[in-house]
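The values are calculated or read from the model by the stated rules, or taken from the named source; none is laboratory data. As the structure is a prediction and not an experimental result, all values here were calculated from the model. Here the Cβ is made from the backbone with ideal geometry for all residues, glycine too, and neighbour counts use every protein chain on show.
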Amino acid sequence: MALRLATPMDAPALVGIYGQYIHTPITFEYELPSPREFQDRITHTLEGYPYLVWEENGTPVGYAYAHRFKERAAYQWGAELSVYVAQGHTSQKVGRKLYGALMELLAIQGVRTVYGIVTVPNEKSEGLHRSMGFQDAGICRNTGYVDGAWRDVQTFEKAIGPYDLEPVPITPFPQLSPELVQRVLAKWQ
């Protein structure tokens with residue numbers, strides 16, 4: 001078992017994991033991205049935020065990443081999280097470890113609130129968020145048409161930092177000390 005940073009070379013394996021969800025209501029994408037597109041997504045995410053991979057026997061079985069919650073300047077202290085775990089590994093606390101490390105790194109960056117956006121019903125994802133201290137922040141009805149039906153989306157939120165009155169901009173992920181990042185990852189192994 002190993003928790004590490006993703007690299008663009010992980011794209012084919014991560015596409016394989018994501019592909020297990022592409023024809024379900026869990027994701028709102030209709031087409032499976034190519035490995036090249038996934039490489040670009042990983043590279044772009046790592047310019048500002050963590051992108052993590054969980055491996056077993058050298059094979060990725062889960063991944064999680066964050067991105068800015070919304071684009072306007074005032075939203076910069078919020079991050080939306082995503083986690084995908086390969087079928088057959090979903091009850092092994094892989095998602096919990098990925099999310100835990102991800103949130104700890106985001107807090108170090110200066111993120112104050114994290115959000116999980118979940119197509120409902122999705123008992124496993126809802127349970128993961130609630131078990132990790134997320135609060136229900138509301139449901140948007142009929143948000144997307146997926147898998148032959150209109151789907152509701154629930155937002156979960158969690159405070160991970162103080163809400164000071166003069167916040168400094170968040171630190172881009174590449175500016176964190178590599179040693180600090182490795183300590184956080186080791187803690188969540």
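Structure notes:
- Extreme residue, nearest to Met103 (Cα to Cα), among residues of segment 136-156 that are surrounded by fewer than 17 Cβ atoms within 10 Å (Cβ to Cβ) and out of contact with any strand residue (DSSP E or B) (no Cβ under 6 Å at 6 or more places or on another chain): Asp136
- Test: residue in segment 30-40 that is within 26 Å of Gln182 (Cβ to Cβ), modelled with pLDDT of 95 or more, crowded, with 16+ Cβ neighbours inside 10 Å and out of contact with any Gly (no Cβ under 7 Å at 6 or more places or on another chain): yes
- Boolean, Arg72 is surrounded by fewer than 19 Cβ atoms within 10 Å (Cβ to Cβ) and either in contact (Cβ under 8 Å) with a residue 12 or more places away in the chain or under 13 Å from the mean Cα position of the chain (by Cα) (or both): no
- Annotation for segment 56-68: no member residue is at pLDDT 95 or above and part of a helix (DSSP H, G or I).
- Considering residues of segment 15-29 that are out of contact with any Gly (no Cβ under 9 Å at 6 or more places or on another chain) and outside any loop (DSSP other than H, G, I, E, B) only, the residue farthest from Gly88 (Cα to Cα): Val15
- Pair list, Cβ < 8 Å and 6+ apart or interchain, from segment 98-109 residues that are in contact (Cβ under 8 Å) with a residue 12 or more places away in the chain to residues that are among the basic types (Lys, Arg) and part of a helix (DSSP H, G or I): Ala101/Lys187; Glu104/Lys187
- Selection over segment 131-189 of residues that are of a type in the set (A, V, I, L, M, F, W, C) and over 12 Å from Ile108 (Cα atoms) gives a count of 16.
- Subset of segment 74-103 that is modelled with pLDDT of 95 or more and assigned to a loop (DSSP other than H, G, I, E, B) - its residue that is farthest from Gln189 (Cα to Cα): Gln76
- Considering residues of segment 160-189 that are polar (S, T, N, Q) and in a helix (DSSP H, G or I) only, the residue farthest from Met132 (Cα to Cα): Gln175
- Applying the set (1) of a type in the set (A, V, I, L, M, F, W, C); (2) closer than 30 Å to Gln92 by Cα; (3) within 19 Å of the chain's Cα centre (by Cα) to Val146 leaves exactly one unmet item: (3).
- Of all the criteria given as (1) farther than 30 Å from Glu31 by Cβ; (2) aliphatic (A, V, I, L, M); (3) surrounded by fewer than 19 Cβ atoms within 10 Å (Cβ to Cβ); (4) more than 17 Å from the chain's Cα centre (by Cα), the one not satisfied by Ala159 is (4).
- For the residues Asp136, Asp152, the requirement of being part of a strand (DSSP E or B), in contact (Cβ under 8 Å) with a residue 24 or more places away in the chain and over 16 Å from the mean Cα position of the chain (by Cα) singles out Asp152.
- Unique match (being on the phi < 0 side of the Ramachandran plot, of a type outside the set (Phe, Trp, Tyr), exposed (fewer than 15 other Cβ atoms within 10 Å of the Cβ) and touching a helix residue (DSSP H, G or I) at 6+ places or on another chain (Cβ under 8 Å)) among Leu105, Leu81, Leu180, Leu165: Leu180
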